[in-house]
Every structure is written in structure tokens, then in C-alpha cells.
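Written below as C-alpha cells is the structure these notes are about.
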There are 2 protein chains.
Amino acid sequence: MTGVDLLGYAAGAITSLTFLPQVIKTWKEKSAKDVSLLMFIIAAINEVMWILYGALLDNWVIILTNAIVLAMSCTMIFLKLRYR
Amino acid sequence: MTGVDLLGYAAGAITSLTFLPQVIKTWKEKSAKDVSLLMFIIAAINEVMWILYGALLDNWVIILTNAIVLAMSCTMIFLKLRYR
């Protein structure tokens, strides 16, 4: 594995956790008035596209990374609808 | 260009616009109390990693897509600090 590969894996790992601070904040504060529902709906649809893309390429890194983001996007949609 | 390529480009185009609804919402409502600052700081650092990765691979799709998300992340960091 080259340094470039390592950078890509590290970047991918961080990407998969990007929404986590928002999930934790909304979960704790039980308030999501200022959070955009549309952002997470677009993100969820987009993740399904990426998972399909990963499946067509048989690339498990793409599938797993985007499955994590999809799970967080769906969690945020649920939290937003609950704490609007 | 195959159908799989097209799906990848379409997914990438949507990814680059994911943060736009949040930027527009915060800009209009001038309130960002419920928005996670940490999420956008992580996203910004992550985009710099992806841009570096794209540059090392000489891949302009990766560079441009992530430059757009970086610009939106920085805009959200500015809006969050202004309208906390």
C-alpha cells in the first residue's frame, strides 16, 4: 500500500464519520430547528447512489463507507422530524 | 462512458451540493444554534485531505468536487460562528 492509498483510506474513514458530531449534538440537545432536513434527505439519496455504484464495481470500501453515512443520515432525518 | 461511470459522476455532482441546503437555510434564518460546528470543521479538514489525494492522483474530478464542498464547509463555519 502506497502513501497515496493510505491518505485515501484515512480520508474515507473520516468522511464516514462526518455526520457523527451532528447526530451526537442533536441527540443530546433534543433540538434540530436550525438543521436542514433537505441536506440529510439529499445525503441519504446520494449515499444509496454511492452504495449502488460500489456494488456495481464490487468495491466494498465504497459500499461500507457510504452505508455508515447512510445510517447517520437516516438517524438525522429521524431526529430532525422528532425535534423540529 | 459506461452507465456505471455516469452513476459515479451523478453521485459526485450531488455530493458536492449536499451542504448547500444547510448554507441557504442558515443564511436566510440567521440562526445556527442547533448546527454542529465540529461537523463542518471535520468536513473542511477532510476536504483538504481529499483535494491533496486528488492532486497526488492528478484527478480533477476529485479535486473540483471536494473544492466545492470545502468552500461550503468554510461558509458554514463562518455562518455558525456568526449566528451561534
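The values are calculated or read from the model by the stated rules, or taken from the named source; none is laboratory data. Please read these numbers as outputs of a predicted model, since none were measured by experiment. Here the Cβ is made from the backbone with ideal geometry for all residues, glycine too, and neighbour counts use every protein chain on show. Accessible surface is based on the protein model in full, side chains and every heavy atom, while ligands, DNA and RNA are left aside. Shrake-Rupley method; radii C 1.70, N 1.55, O 1.52, S 1.80 Å.
Exactly one condition in (1) open to solvent by 30 Å² or more (accessible area, probe 1.4 Å); (2) modelled with pLDDT of 95 or more is not met by A:A32; state its number.
Status for A:A32: all satisfied but (1).
Please go through the range A:46-56 and pick out each residue that is surrounded by 14 or more Cβ atoms within 10 Å (Cβ to Cβ) and either among the hydrophobic types (A, V, I, L, M, F, W, C) or closer than 18 Å to B:M39 by Cα (or both).
A:E47, A:V48, A:M49, A:W50, A:I51, A:L52, A:L56
A quick yes/no check of all residues on (1) at the interface with chain B (Cβ under 7 Å from one of its Cβ atoms); (2) of a type outside the set (D, E); (3) in contact with a Cys (Cβ under 7 Å, 6 or more places away or on another chain):
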{"residue": "A:M39", "(1), (2), (3)": "yes, yes, no"}
{"residue": "A:A43", "(1), (2), (3)": "yes, yes, no"}
{"residue": "A:M49", "(1), (2), (3)": "yes, yes, no"}
{"residue": "A:D58", "(1), (2), (3)": "no, no, no"}
{"residue": "A:I63", "(1), (2), (3)": "no, yes, no"}
{"residue": "A:N66", "(1), (2), (3)": "no, yes, no"}
{"residue": "A:A71", "(1), (2), (3)": "no, yes, no"}
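Report yes if B:T75 is touching a Ser or Thr at 6+ places or on another chain (Cβ under 8 Å), open to solvent by less than 80 Å² (accessible area, probe 1.4 Å), in a helix (DSSP H, G or I) and hydroxyl-bearing (S, T, Y), otherwise no.
Here the answer is no, as B:T75 does not meet what is asked.
For B:K80, work out the one condition from (1) modelled with pLDDT of 95 or more; (2) open to solvent by 40 Å² or more (accessible area, probe 1.4 Å); (3) at negative phi; (4) among the charged types (D, E, K, R) it doesn't fulfil.
Single failed check for B:K80: (2).
Output the number of residues of the range B:1-32 satisfying the condition of being among the polar types (S, T, N, Q), assigned to a loop (DSSP other than H, G, I, E, B) and touching a helix residue (DSSP H, G or I) at 6+ places or on another chain (Cβ under 7 Å). Working first, answer last.
Of the residues in the range B:1-32, the ones among the polar types (S, T, N, Q) are B:2, B:15-16, B:18, B:22, B:26, B:31.
Next cut, assigned to a loop (DSSP other than H, G, I, E, B) only: B:2, B:18, B:31.
Next cut, touching a helix residue (DSSP H, G or I) at 6+ places or on another chain (Cβ under 7 Å) only: B:18.
Going through the range B:1-32 one residue at a time, the tally reaches 1.
Considering every residue within the range A:24-43, establish whether at least one is farther than 25 Å from B:V35 by Cβ and out of contact with any Ser or Thr (no Cβ under 7 Å at 6 or more places or on another chain).
no
Which number in (1) more than 16 Å from A:G8 (Cα to Cα); (2) assigned to a helix (DSSP H, G or I) marks the one condition that B:V35 misses?
Unmet condition: (2).
Do you know which residues across the range B:47-74 are charged (D, E, K, R) and free of Cβ contacts under 8 Å to residues at least 12 places away in the same chain?
Result: B:D58, single match.
Which residue is most open to solvent (accessible area, probe 1.4 Å), if the candidates are limited to the range A:1-15 and must be among the hydroxyl-bearing types (S, T, Y) and more than 7 Å from every other protein chain (Cβ to nearest Cβ)?
A:Y9
Please count how many residues of the range A:25-35 are touching a Leu at 6+ places or on another chain (Cβ under 9 Å) and on the phi < 0 side of the Ramachandran plot. Can you show your working first?
Let us first name the residues in the range A:25-35 that are touching a Leu at 6+ places or on another chain (Cβ under 9 Å), namely A:25-27, A:30, A:32, A:35.
Then drop every residue that is not on the phi < 0 side of the Ramachandran plot, which leaves A:25-27, A:32, A:35.
Count: 5.
Tell me which of these A:T18 doesn't satisfy, since it passes every other one: (1) at the interface with chain B (Cβ under 8 Å from one of its Cβ atoms); (2) open to solvent by 60 Å² or more (accessible area, probe 1.4 Å).
(2)
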